[in-house]
Amino acid sequence: MSLFKRNKHSSYLEWAKLHSAAKYNLATSGMLSYPLAELPVTLADLEINGPNTYGYAPLVERIAARCGVRPECVVTANGTSMANHLALATILEPGDEVLIEQPTYGLFLDVATYLGASIVRFGRRAEDEFQIDLDELQSKITPKTRLIVITNLHNPTGAFTNEATLRRVGEMAKAVGAWVLVDEVYLDLVPPEEFSSPFRTSALYGDNFVVTNSLTKAYGLSGIRCGWILSSPELAARIKRVDDLMSGSPVFPAELLGVIALDNLDKIAARAATLLKPNRAALAAFLDTRDDLDVFRAQWGTIAFPRLKTGNAEAFFELLRAEFETSVVPGRFFEMPENFRIGLGGDVSMTAEGLRRLGHALDAHAG
Ligand SMILES: Cc1ncc(COP(=O)(O)O)c(C=O)c1O
């Protein structure tokens, strides 16, 4: 493949950065920004430079302790975005087969294409509540399969994949020497009772698992870009070599803030819960009133992905924005153009008003 023909853009991220904003913004998937003033931090706690070659040790240790892995299994990264890029770039050679769920978070497709991998898809269907169909997945695995990519919770639907299913995917991958990448950026929104161990991460399900995560979505801490990869120590060492191609040292003040955030995560999570509970209730009440939408109702998380049963969806998004000042993520970014993604991590009154306007726009669209 010619270098000049490689995919070098992401239409979704470009749209998210330039066109998603609106007065009533239901297009974000993360929690409302957590204010710095709410963290127990003073200027004296921060510093510009510090000992952080390959990640500030206290940060790495906290991530390891939180996830139940050894520090040598942790590579810190600039958000889940860079964690995903590093993991894919380390594992995939041009021509390698990568199995990616459909629908998925578009960046996986964009980065795998950029890396020259050969992409194969496995479906997650509305009629299966967007669960992974293990038989279909098995039928797509070949000796050339190098990596299987899953988001958990699933972006765009919020569907949860349980431990038994993930362990089975791990075994199927292992049989052909493949890795399983699980992007867990929304997983902390699932209550701890749903897991058999005190740790949520699938990094503990086998040595061919590679997990990416950050404090961005579930906690509203996007600005400190505290992300990480969990993998076997051998793969982690290789990922660090690839990271040398992309970055010098991490941003030290952000790492210090990451340490403080991790030490106060329960409080930050409690704030997220106080927003999500009423917002999820508002969504449920809204959906109860709509027979023009088909929707899988995810149990947890910040997102829903309804399908507009009739009419031109793109025209509806235009109307929603132009006349009702409300944005959602058009389903075309998830290869499902009749659907749209609603985000529930925002301010409670903004979300309620956004949903109200969404209803009015649907009525106007139908009429
Ligand atoms: C599945 C998934 N992974 C990664 C990201 C990016 O995360 P971060 O902000 O930590 O870079 C997103 C953002 O929407 C996402 O939905």
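Every residue, every condition in (1) more than 25 Å from residue 299 (Cα to Cα); (2) buried (at least 21 other Cβ atoms within 10 Å of the Cβ); (3) among the aromatic types (Phe, Trp, Tyr), yes or no:
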position	(1), (2), (3)
116	yes, no, no
119	yes, no, no
127	no, no, no
130	no, yes, yes
133	no, no, no
136	no, no, no
144	yes, no, no
147	yes, yes, no
152	no, yes, no
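Residue by residue, here is whether (1) more than 16 Å from the ligand (Cβ to nearest atom); (2) in a helix (DSSP H, G or I); (3) open to solvent by 30 Å² or more (accessible area, probe 1.4 Å) holds:
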| residue | (1), (2), (3) |
| --- | --- |
| 13 | no, yes, yes |
| 20 | no, no, no |
| 34 | no, no, no |
| 41 | yes, no, yes |
| 77 | no, no, no |
| 85 | no, yes, yes |
| 94 | yes, no, yes |
| 108 | no, yes, no |
Using the structure shown, decide if residue 115 is within 16 Å of the ligand (Cβ to nearest atom) and over 24 Å from residue 280 (Cβ atoms).
no
When the range 331-367 is checked residue by residue, the ones that are without any contact (Cβ under 8 Å) to a residue 60 or more places away in the chain and closer than 18 Å to residue 19 by Cα are 332, 337, 340
Grab the helices (runs of 4 or more DSSP H) fully contained in the range 255-366, keeping just those with 1 or more residues being modelled with pLDDT under 95 and more than 24 Å from the chain's Cα centre (by Cα).
348-366
Which pairs do you get when a residue that is closer than 16 Å to residue 59 by Cβ, found in the range 196-223, comes within reach of a residue that is basic (Lys, Arg) and within 15 Å of the ligand (Cβ to nearest atom), reach meaning Cβ atoms under 8 angstrom, with the pair 6+ apart or on two chains?
214/225; 216/225
Consider residue 122 against the criteria (1) in a loop (DSSP other than H, G, I, E, B); (2) farther than 29 Å from residue 219 by Cα; (3) of a type in the set (Phe, Trp, Tyr): it satisfies all of them except one. Which criterion is unmet?
(1)
Check whether at least one residue in the range 256-275 is more than 30 Å from residue 66 (Cβ to Cβ) and touching a residue at least 12 places away in the same chain (Cβ under 8 Å), and report yes or no.
no
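The values are calculated or read from the model by the stated rules, or taken from the named source; none is laboratory data. Source: prediction; values computed, not measured. All Cβ positions, even for glycine, are placed from backbone atoms using ideal geometry, and neighbour counts span all protein chains on display. Protein only, heavy atoms only, side chains kept; ligands, DNA and RNA dropped before computing areas. Shrake-Rupley method; radii C 1.70, N 1.55, O 1.52, S 1.80 Å.
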